[in-house]
Structures are given as structure tokens and as C-alpha cells.
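The values are calculated or read from the model by the stated rules, or taken from the named source; none is laboratory data. Everything numeric here is computed off the predicted structure, so don't read it as measured data. FYI the Cβ positions are ideal-geometry reconstructions off the backbone, even for glycines, and counts take in every protein chain you see.
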Amino acid sequence: MSILLDASARVLVQGMTGGQGSYHTRLMREAGTAIVAGVTPGRAGAQVEGLDDVPVFDTVADAVRAADANAACIFVPAPFAADAILEDAAAGLDVIVCLTEGIPILDMLRVMPRVRASGSRLIGPNCPGVTTPGDRVKVGVMPWNVHTPGPVGVVSRSGTLTYEVVQHLTNLGAGQSTTVGIGGDPIIGERFTDVLALFEADPDTRGVVLLGEIGGDDEERAAAYIQQRMTKPVSAFIAGKTAPPERRMGHAGAIVSGASGSAPAKEAALRSAGVMVGETPEHAARLLAARLP
Amino acid sequence: MATMDVIQHHGGQPANFLDVGGGAGVAKILAAFEIILEDPRVRAVLVNIFGGITRADDVAAGVIQARARLSRQVPLVVRVAGTNEAQALRLLHDAGIGALDSMDEAAARVVEAAR
């Protein structure tokens, strides 16, 4: 078992005809992901180099009808990405992974109520995607070779930090059930608490590493959830201890405003919920690996 | 951002936080070096990229070009991993640039170099 994506995933890629889209679609496929369609408006029937056997459709609805897709991966440029998400939600896809960085907040405010009403789970935007090593499924851009199957769930606001910690876990012999990058934007679909609930319910996940950063209160909400509901061990690393206040640090959502959103406050909330907080990403990986039942 | 934290963890002081962002290519890496080296207080540069959407070999090519064109020479510590890691390490090796494979080790090394 795993969360969000397993061997039954049939993935359509929006923006597969573009440079990043085609490149990373080939890598997803090399990992073992079933890529069943590409979608680019106005490019139906197009052939993509190295993906000749993957049909390209004008719309998500066409791709679902013809290729039975149940998940989407979005590489569409920011001005068009909100519409891409809406198309997936309208088609009733189970999981929508949106990698696009820079989608306007006002677009996301318009999109989120419709995603929630649809029952689709949105991962991102501005995220690296979801990887389930045991089922050879990767939707997004995470480096496949650092992963190995195992019992650790990873959930993160940062792509790079995810890879860093997955590499350390793998080196420690602690493989992963599923790794989830929820994205670095202020408005995202699934949040820490949603993904923690999935890991808590997944029989194959025996512990979780949570990778947070400054900004917002998602880590504080995660701490409250862990304290009240979680039975599995959790370790964490919070990036941005050295970040100056009132500056946006790489991610649109990574900003300390006034007294809220600072790394020490998040670490304190997590510690008081019984979470093992690491000094470095490697330390967080070691803390969890040592506690695996 | 975590790179800054790890530098501080090893007793160093980050002068500049420059996130090249997802999918950075050669031109972006070149520009990044120019911006960073405008600050005369910078005594060493750490490049730490774990590529997902970013391809490590693009970063390596950028670092190699930047080193050849730098207006001033400072110690350079490079750590690249992730997408196209093997190609990146080969490029760096052929250019005579040693690369480290751990962020902790790279941070410790750059702090040492800046002293």
C-alpha cells in the first residue's frame, strides 16, 4: 500500500508537448509510471519525440474518454495553469499534481472551491509531485534514483529538501512508502494535515518525516493534528531558522510576518506534540530511522 | 533556505541567499554568480543543488562557464545531486572541479574556505 498513487495510476500530462513537459514525462516513464495521454489545447494528434506512442488530446475530457486516465500532471505555464486544474477537477480525476510555479493567488482562490467540490485531490501547485517507489510510480519531477521502497512517509513544502531527506533515508536503509511534495505556495490543495491523515491510515507507512519551512501556520496545524490523532512516530525539519523577517525566501509562501511563521515557533509547536525535530535534514532522517518499529 | 541553515549550523555566516528556482539553466547560473560576486564581502561560494526539475548537468555547465569568466576568484565549493547527477559529475570532473556529494560536508567545507 501507499498513499495517493499506486500501480493503478493512469496519468495524463498537461503540457507534455513543451520542453520541460516532454523531458520529465520521459523520466516518469523510465521510472515505471503509466503515462496514458498528453493534453495540449490545439495540439491533438501531435507526436512528441521519445513519446511517440502517447496520444495527445485537445482536452482532458477527451483524454479521460479515450485513454481512461485517473490522474494528471500539470506542466502548463502559470497564466494557463488554473484552467488546467479546473479541467481536471471537472473530469473527476482522483489526483491532480500541479508543478507550475507562479500561479496568481487570485486564480487559486477561484480554483480551490471547485477542486474541493469535485472530490479531486490537488497536490501543489509549485510542488515536485508524488512518488511511490514500491509501485514504481512517480508523478512529477522527483529524482527517482534516490528512492527505495519501504515504510517511511515523507511530506514536504520543499522539493529540494524532499530529495535531500529521501537520499538520507535510503542511505540509512529506511525506504519510503510515498513521498509527497505539497508545494511552496500560500494557497495549495492538500496540506500537511491531509497528508498526515493518509499516512496514519496507511498500513504500510510506519513513520513520517515532515519537512516544513517558515511562513503560514501549516506546521502548527500539523502539530495539533499529530498530538490529537497520530500514533506513528514523526520527525521534522523546519527550514529558515536563519531567514531574516519580512523577506520572501525562495517560495511565495515562505515569509515570516511579524511574530507569526517563524522557524522557532514551528519547532516548539512540533516538539510539544511529541515530534522529533532535527537540527539538519540529515538529523531528521536519522531520528525517524532510529524510531521505526 | 535549508542550505543557509546548515552553513550557520557549521559556524558560518551566509552573505547572500540566492535561490535559482526550479528549472534553472546555464544562463541563470551565470547570472547568479555575477550577482553574488558583486558583494565584496563574499569570501567563498557554495553551489548546492539537488535537482528535481532542475537538471544537475545544466547547473554544472553553468558553474564551469562562470568559473572561467569570474571577475574575481574566490574559493568555490560545489555539491550537485539529483536529475542527471552522473552527467553533471562527469562534466565537473573533466573541468577539474571537485564536487562533494553531501550538503553537510559541502557546508563545512565552504565555512572553512571562507575563514
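Among the residues of the stretch B:45-72, those identified as aliphatic (A, V, I, L, M) and touching a strand residue (DSSP E or B) at 6+ places or on another chain (Cβ under 7 Å) are B:VAL45, B:LEU46, B:VAL47, B:ILE49, B:ALA56, B:VAL59, B:ALA60, B:VAL63. For the stretch A:209-219, which positions are in contact with a helix residue (DSSP H, G or I) (Cβ under 7 Å, 6 or more places away or on another chain) and surrounded by 24 or more Cβ atoms within 10 Å (Cβ to Cβ)? Hits for the stretch A:209-219 are A:VAL209, A:LEU210, A:LEU211, A:GLY212, A:ILE214, A:GLU219.
Taking the conditions exactly as written (touching a Ser or Thr at 6+ places or on another chain (Cβ under 6 Å) and closer than 27 Å to B:PHE50 by Cβ), does A:VAL154 satisfy them or not? Outline the logic, then answer.
Details: touching a Ser or Thr at 6+ places or on another chain (Cβ under 6 Å): yes; closer than 27 Å to B:PHE50 by Cβ: yes.
In short, yes.
Consider A:GLY278 carefully, then state whether it is buried (at least 19 other Cβ atoms within 10 Å of the Cβ), more than 9 Å from chain B (Cβ to nearest Cβ), under 16 Å from B:GLN8 (Cβ atoms) and touching a helix residue (DSSP H, G or I) at 6+ places or on another chain (Cβ under 7 Å). Here the answer is yes, as A:GLY278 does meet what is asked. Would a scan of the stretch A:80-97 turn up a residue that is closer than 20 Å to B:ARG55 by Cβ and touching a Cys at 6+ places or on another chain (Cβ under 9 Å)? Yes; the residues of the stretch A:80-97 include at least one that is closer than 20 Å to B:ARG55 by Cβ and touching a Cys at 6+ places or on another chain (Cβ under 9 Å). In this structure, does A:SER272 turn out to be polar (S, T, N, Q) and farther than 24 Å from A:LEU5 by Cα? Taking the combined requirement at face value, the residue satisfies it. Looking for whichever is at pLDDT below 95 and either in contact with a helix residue (DSSP H, G or I) (Cβ under 8 Å, 6 or more places away or on another chain) or in a loop (DSSP other than H, G, I, E, B) (or both) here; the options are A:ALA7, A:ALA61, A:ALA82, A:ALA69. Which one fits? Going through A:ALA7, A:ALA61, A:ALA82, A:ALA69 in turn, just one is at pLDDT below 95 and either in contact with a helix residue (DSSP H, G or I) (Cβ under 8 Å, 6 or more places away or on another chain) or in a loop (DSSP other than H, G, I, E, B) (or both): A:ALA7.
Among B:ILE7, B:ILE97, which is out of contact with any Gly (no Cβ under 6 Å at 6 or more places or on another chain), without any contact (Cβ under 8 Å) to a residue 40 or more places away in the chain and not basic (Lys, Arg)? Lay out the reasoning, then the answer.
Numbers: B:ILE7 fails: without any contact (Cβ under 8 Å) to a residue 40 or more places away in the chain.
Exactly one residue qualifies, and that residue is B:ILE97.
The single residue among B:ALA61, B:ALA108 that is among the small types (Gly, Ala, Ser), surrounded by fewer than 21 Cβ atoms within 10 Å (Cβ to Cβ), part of a helix (DSSP H, G or I) and more than 12 Å from the chain's Cα centre (by Cα) turns out to be B:ALA108.
Results for (1) more than 15 Å from the chain's Cα centre (by Cα); (2) in the same structural domain as A:LEU198 (by TED's automatic domain parsing), shown as yes or no for each residue.
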position: A:VAL54; (1), (2): yes, no
position: A:PRO77; (1), (2): yes, no
position: A:GLU87; (1), (2): yes, no
position: A:VAL97; (1), (2): no, no
position: A:PRO113; (1), (2): yes, no
position: A:VAL154; (1), (2): no, yes
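Would you point out which residue out of A:GLU267, A:GLU279 is assigned to a loop (DSSP other than H, G, I, E, B) and more than 18 Å from A:VAL180 (Cα to Cα)?
On the way: A:GLU267 fails: assigned to a loop (DSSP other than H, G, I, E, B).
So the residue among A:GLU267, A:GLU279 that is assigned to a loop (DSSP other than H, G, I, E, B) and more than 18 Å from A:VAL180 (Cα to Cα) is A:GLU279.
Evaluate the following for A:VAL13: is it among the aliphatic types (A, V, I, L, M), closer than 19 Å to A:ALA91 by Cβ and within 14 Å of chain B (Cβ to nearest Cβ)?
Details: among the aliphatic types (A, V, I, L, M): yes; closer than 19 Å to A:ALA91 by Cβ: yes; within 14 Å of chain B (Cβ to nearest Cβ): yes.
So A:VAL13 passes the test.
Mind checking whether some residue in the stretch A:227-245 is in a loop (DSSP other than H, G, I, E, B), of a type outside the set (D, E, K, R), touching a strand residue (DSSP E or B) at 6+ places or on another chain (Cβ under 8 Å) and within 12 Å of another protein chain (Cβ to nearest Cβ)? Checked the stretch A:227-245: at least one residue is in a loop (DSSP other than H, G, I, E, B), of a type outside the set (D, E, K, R), touching a strand residue (DSSP E or B) at 6+ places or on another chain (Cβ under 8 Å) and within 12 Å of another protein chain (Cβ to nearest Cβ). Filtered by the rule that a residue be surrounded by fewer than 20 Cβ atoms within 10 Å (Cβ to Cβ) and assigned to a strand (DSSP E or B), the stretch B:70-94 gives a lone residue, B:LEU76. Residue check: A:VAL48 meets all listed conditions (1) surrounded by fewer than 17 Cβ atoms within 10 Å (Cβ to Cβ); (2) touching a residue at least 24 places away in the same chain (Cβ under 8 Å); (3) over 19 Å from A:ALA90 (Cβ atoms) but one, namely (1). A:GLY119 meets each of the listed conditions (1) without any contact (Cβ under 8 Å) to a residue 40 or more places away in the chain; (2) in contact with a Leu (Cβ under 9 Å, 6 or more places away or on another chain) apart from (2). For the stretch A:220-234, check the following and say yes or no: at least one residue is acidic (Asp, Glu) and either under 23 Å from B:GLN8 (Cα atoms) or surrounded by 22 or more Cβ atoms within 10 Å (Cβ to Cβ) (or both). No, that holds for no residue. For the stretch B:1-51, the set of residues classified as over 18 Å from B:VAL111 (Cβ atoms) and outside any helix (DSSP H, G or I) consists of B:ASP19, B:VAL20, B:GLY21, B:GLY22, B:GLY23, B:ALA24, B:GLY25, B:GLU38, B:PRO40, B:ILE49, B:PHE50, B:GLY51, listed by residue number.
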